[in-house]
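Below is one structure, written out as structure tokens, with a few remarks after it.
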Amino acid sequence: MISGGGALLAAWLAPIAAGGIAAWDAAGPPDLLPPPPALTQRIDRIVVYKHHRRLIAYRGGEALKGYSIGLGFAPEGDKSRQGDGRTPEGLFRIDQRNGQSQYHLSLGIDYPQPEDVRRAAELGVSPGGDIFIHGQPNQRKGAPDLRGDWTAGCMAVSDAGIEELWRVVPLGTEVEILP
């Protein structure tokens, strides 16, 4: 029987024993630190790590806080057309704030970029649009957060998470979305 810190170590190493390095990469290390304090000052950059389902808020190059996210229902790869369920990849800016969204608050990014429009035109399709960082659907108020990848291409956080981001993310904030 493993006790104390040994149990924590065993739980942390379990993904390697069960599924090898790929499982370890997906599981990542356990969160051993207390959650960081609420953000109170404006941030200047957001980085989304799609593979890890994490959104990190930065100020002056310093990572301040991370949030778990859900992505589009087909998250692998870059968005190429309307309705593909993918979350776009690249460098964007927050270009709108919507306090009356069908989701609990939303921060829009300036997708599509000219390159996205060109690529979609070559395929004869629409690149899509209306990509947001948003909270949970308003009709689910008080229900547990939706888990997994369920949006049409947006990045969904908890309602508490979007409320915090709403307070500290100004228009023009850089958003980098990585695979």
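The values are calculated or read from the model by the stated rules, or taken from the named source; none is laboratory data. Computed from a predicted model, the values in this text were never measured in an experiment. No Cβ is skipped: glycine too gets one built from the backbone with ideal geometry, and neighbour counts run over all protein chains shown.
For this structure, a couple of remarks:
- Taking the range 107-125 as the range and being in a helix (DSSP H, G or I) and either crowded, with 17+ Cβ neighbours inside 10 Å or outside the structural domain of residue 69 (by TED's automatic domain parsing) (or both) as the test, the residues that pass are 116, 119, 120.
- Which listed residue, of 86, 81, 54, is among the basic types (Lys, Arg), touching a strand residue (DSSP E or B) at 6+ places or on another chain (Cβ under 6 Å) and in contact (Cβ under 8 Å) with a residue 40 or more places away in the chain: 86
- Checked against (1) on the phi < 0 side of the Ramachandran plot; (2) out of contact with any Ser or Thr (no Cβ under 7 Å at 6 or more places or on another chain); (3) surrounded by 15 or more Cβ atoms within 10 Å (Cβ to Cβ); (4) not charged (D, E, K, R), residue 85 passes all but a single condition, namely (1).
- Total residues in the range 131-172 satisfying the condition of being of a type in the set (A, V, I, L, M, F, W, C), touching a Leu at 6+ places or on another chain (Cβ under 6 Å) and over 18 Å from residue 89 (Cβ atoms): the figure is 4.
- Out of 65, 79, sole residue that is part of a strand (DSSP E or B), over 12 Å from the mean Cα position of the chain (by Cα) and of a type in the set (D, E, K, R): 65
- Residue within the range 91-106 that is under 23 Å from residue 63 (Cβ atoms) and in a loop (DSSP other than H, G, I, E, B) present: yes
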